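Input: a single structure, listed below in structure tokens.
The values are calculated or read from the model by the stated rules, or taken from the named source; none is laboratory data. Quick caveat, the model's predicted, so the values are computed rather than measured. Using ideal geometry, Cβ is built from the backbone for each residue, glycine included, and neighbour counts are taken over all protein chains shown. Heads up: the accessible areas ignore ligands, DNA and RNA and are worked out on the full protein's heavy atoms, side chains in. Shrake-Rupley method; radii C 1.70, N 1.55, O 1.52, S 1.80 Å.
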Amino acid sequence: MNKTTVKFKKLDERAQMPHYGTEFAAGADLYACLDAPLTIAKGATEFVHTGIAMEIPTGLVGLVYARSGLACKKGLAPANKVGVVDSDYRGEIMVILLNTNPAGKESYTIHPGDKIAQGEFPFPYKADFKEISNEEFDKLTTSRGENGF
């Protein structure tokens, strides 16, 4: 499997580096970076912070998918079905979670540090994450910069 380095920086000291759960996992877990638990009401959509920004190499795209367990057991999945993180975006990676509530619960609470989604860099790449300082983080001058959503 090909690997490419994807640089990231923590925007919050509590943020966690994306992590592949197993050797052959396609997606790296993304974690909630919250000040307090966040309850998502039935039918509601919430932006969930990850506390990280990435420098995705030109020519690649980051895709944000649901975690299977959260989607089928708790009804939580990205509202846009698949989040797209373009290589020129330098802002915080956010996950837009929608509570579809198939399990009969009225709401679901996300806690700081919970796994909330998975990020993938389409085949044939798997990222080798490398934390860098703010000074090293390449703030490419693009027409987009940190603007998103």
Report, by residue number, each residue of segment 27-84 that is open to solvent by 70 Å² or more (accessible area, probe 1.4 Å), basic (Lys, Arg) and closer than 19 Å to residue 114 by Cβ.
42, 73, 74
If a residue counts only when it is under 30 Å from residue 2 (Cα atoms), which strands (runs of 3 or more DSSP E) contained entirely in segment 19-74 have at least 3 such residues?
28-31, 45-55, 62-65
Return the pairs, sorted by first residue and then second, in which the second residue is open to solvent by 40 Å² or more (accessible area, probe 1.4 Å) and of a type in the set (Ser, Thr, Tyr), the first residue lies in segment 59-87 and is farther than 18 Å from residue 46 by Cα, the beta carbons are less than 6 Å apart, and the residues are 6+ apart or on different chains.
87/58
Between a residue in segment 42-53 that is within 17 Å of residue 101 (Cα to Cα) and any residue that is in a loop (DSSP other than H, G, I, E, B) and charged (D, E, K, R), which pairs come within a Cβ distance under 6 Å, given they are 6 or more apart or on different chains?
42/106
